[in-house]
Amino acid sequence: MKNILNLILLLFFSLNASAQSVSAKKEESIVKTSGRSGQDSIDTFYKELFKALKIGYLHRKSVDWKSVEPETYKRLAAYNTFKTSLTEISNLFDKINAKHCLVYRGDDKYSATRKVIAKDRYSAQWKKKYDTRPPFEVKVLQGKYGYILVPGMVFFDNSAKNISRVAQPLYDQIAQIKSNDNIEGWIVDLRFNTGGNAAPMLLALYDLLGDHDIWGELNVDKRSVSKYKLDKGNYIQKSKVISSVTPNGRLLDQAKVAVITGLFTGSSGEITALAFKGRANTRFIGEDTAGYTTGNVSWPLPFNTTMALTTGYDSDRNGIYYDYLVPDVAVSKQDNFDDLSLDGKIIESINFIKGG
């Protein structure tokens with residue numbers, strides 16, 4: 001059974017990042033010690049890759065597999081080693097328009113041709129902060145506004161226990177500040193959320209989202225096939241508890257929340273934003289999101305490789321699909337992470353909370 005919980009990051013822009021996994025050198029050793037020749041290993045891997053795509057890929061029925069598959073194998077004949085053959089994945093994903101699929105092998109990632117966002121579209125402040133790989137952060141601004149920075153979270157252990165282990169301390173940080181009765185509203189900052197696993201993000205934000213349906217999955221015809229909800233600290237899909245946090249204190253699902261999005265908010269970052277669509281007392285501020293509003297599952301492949309396989313469209317709690325999310329209040333650049341009081345998106349968020 002393939003794990004359907006892992007909404008894996010797609011690095012869709014030309015900036016450095018890495019996933020935690022075994023090293024490529026170790027994996028190359030696995031291939032060599034498997035007793036297979038280079039071409040044999042290539043054939044084994046791509047056979048399983050095509051099998052996965054034909055079974056689960058969202059747009060599998062619109063792909064001319066009778067043409068794509070032999071063309072790919074013809075090109076693969078030119079490769080001498082398994083490692084070098086993996087570069088052919090990009091060509092394959094481009095052909096089938098699998099822009100959100102990705103193959104992980106150690107610290108290497110193989111995807112369709114990546115979306116590049118021009119440097120003049122994002123601020124130097126954003127890049128400076130991004131390069132520090134900012135962690136999850138909760139603090140109080142001006143003594144009365146709760147600020148939550150939710151970055152991307154990439155990991156491959158999708159057991160309920162591990163998701164809870166990740167989510168609970170994040171939730172607890174919010175709950176601790178929640179106890180401050182002076183908090184007038186909340187700011188959820190998704191500018192650095194380039195993707196990962198949505199489950200711990202949504203569980204961490206449980207108090208703000210409350211006991212509701214929060215997002216859904218649509219099929220290729222954009223019809224609802226599944227809903228995800230939160231209930232008493234549990235994250236649930238089709239009556240199955242994916243994971244949970246232990247709640248503490250009152251819910252905040254009626255509190256004012258400003259959700260900040262940016263050009264690089266993508267994949268599970270967009271799912272986290274979608275979870276707030278349809279929520280009362282909520283305003284979206286910032287920039288259009290990256291447009292990776294499809295859901296991926298984690299699919300194991302030979303030689304310790306893993307594919308993020310696109311299997312559905314993402315929707316909000318009401319079943320509405322968005323190619324990308326457009327903010328209610330557009331604020332381009334104007335980032336200031338050295339002094340958030342001067343950050344244009346934070347200023348607009350506080351104006352909303354104050355009633356502006």
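For the chain, the longest principal axis of the alpha carbon atoms and the long axis of helix 38-56 meet at an angle near 50°. Charges were assigned to the Cβ only: +1 to each Lys and Arg, -1 to each Asp and Glu. The resulting dipole of segment 64-127 about its Cα centre is roughly 260 debye.
For a quick check, take a GNM of the chain with Cα springs below 10 Å and name the residue from 231, 43, 338 with the largest mean-square fluctuation. Looking only at 231, 43, 338, the biggest GNM fluctuation is shown by 338. Applying 0.36 nm per residue to the separation of residue 39 and residue 212 and subtracting their alpha-carbon distance, the gain on full extension is 57.2 nm. Compute a Gaussian network model of the chain, connecting alpha carbons closer than 10 Å, and tell me which residue from 249, 233, 146 fluctuates the most. With Cα springs under 10 Å in the chain, the top fluctuation among 249, 233, 146 is at 249. Local charge for residue 286 was computed over the other residues whose Cβ lies under 14 Å away, with Lys and Arg +1 and Asp and Glu -1, and equals -3.
If the chain linking residue 121 and residue 54 were pulled fully straight, counting 0.36 nm for each residue of separation and taking away their Cα-Cα distance, it would gain 20.4 nm.
Could you please report the charge total around residue 184, scoring K, R as +1 and D, E as -1 over all other residues with beta-carbon less than 12 angstrom from its beta-carbon? All intermediate terms of the calculation are to be shown ahead of the outcome.
Values: positive: 144, 256, 354; negative: 181.
Net of charged neighbours comes to +2.
Amide H contacts under 5 Å for residue 189: 148, 149, 150, 260, restricted to partners 5 or more places along the chain or on a different chain, H placed in the peptide plane at 1.01 Å from N. For q values of 0.06 Å⁻¹, compute log₁₀ I(q)/I(0) with the Debye formula on a Cα-only model of the chain, without solvent. Values returned for q = 0.06 Å⁻¹ are -0.23.
Just the Kirkwood number for segment 129-225, please: inverse of mean 1/r across all distinct Cα pairs, in Å, one decimal. Don't skip to the end; give the middle numbers.
Working: mean 1/r = 0.0672 Å⁻¹.
For segment 129-225, the Kirkwood estimate is 14.9 Å.
Among residues other than residue 337 with Cβ under 14 Å from its Cβ, the summed charge is +1 (Lys and Arg +1, Asp and Glu -1). Result for the chain in a Gaussian network model with C-alpha springs under 10 Å: among 213, 108, 288, the largest mean-square fluctuation is at 108. Counting 0.36 nm for each residue step from residue 67 to residue 161 and taking away their Cα separation leaves a gain of 29.5 nm.
Taking Cα atoms only, the orientation of helix 344-353 departs from the longest principal axis of the chain by about 50 degrees. For segment 98-149, the fraction of 1.4 Å probe accessible surface lying on carbon and sulfur atoms is 51 percent.
The values are calculated or read from the model by the stated rules, or taken from the named source; none is laboratory data. In this text the structure is predicted, and so the values were computed from the model without any measurement. In this analysis, Cβ positions are derived from the backbone assuming ideal geometry, glycine residues included, and neighbour counts consider all displayed protein chains. Heavy atoms of the whole protein, side chains included, go into the accessibility calculation; ligands, DNA and RNA do not. Shrake-Rupley method; radii C 1.70, N 1.55, O 1.52, S 1.80 Å.
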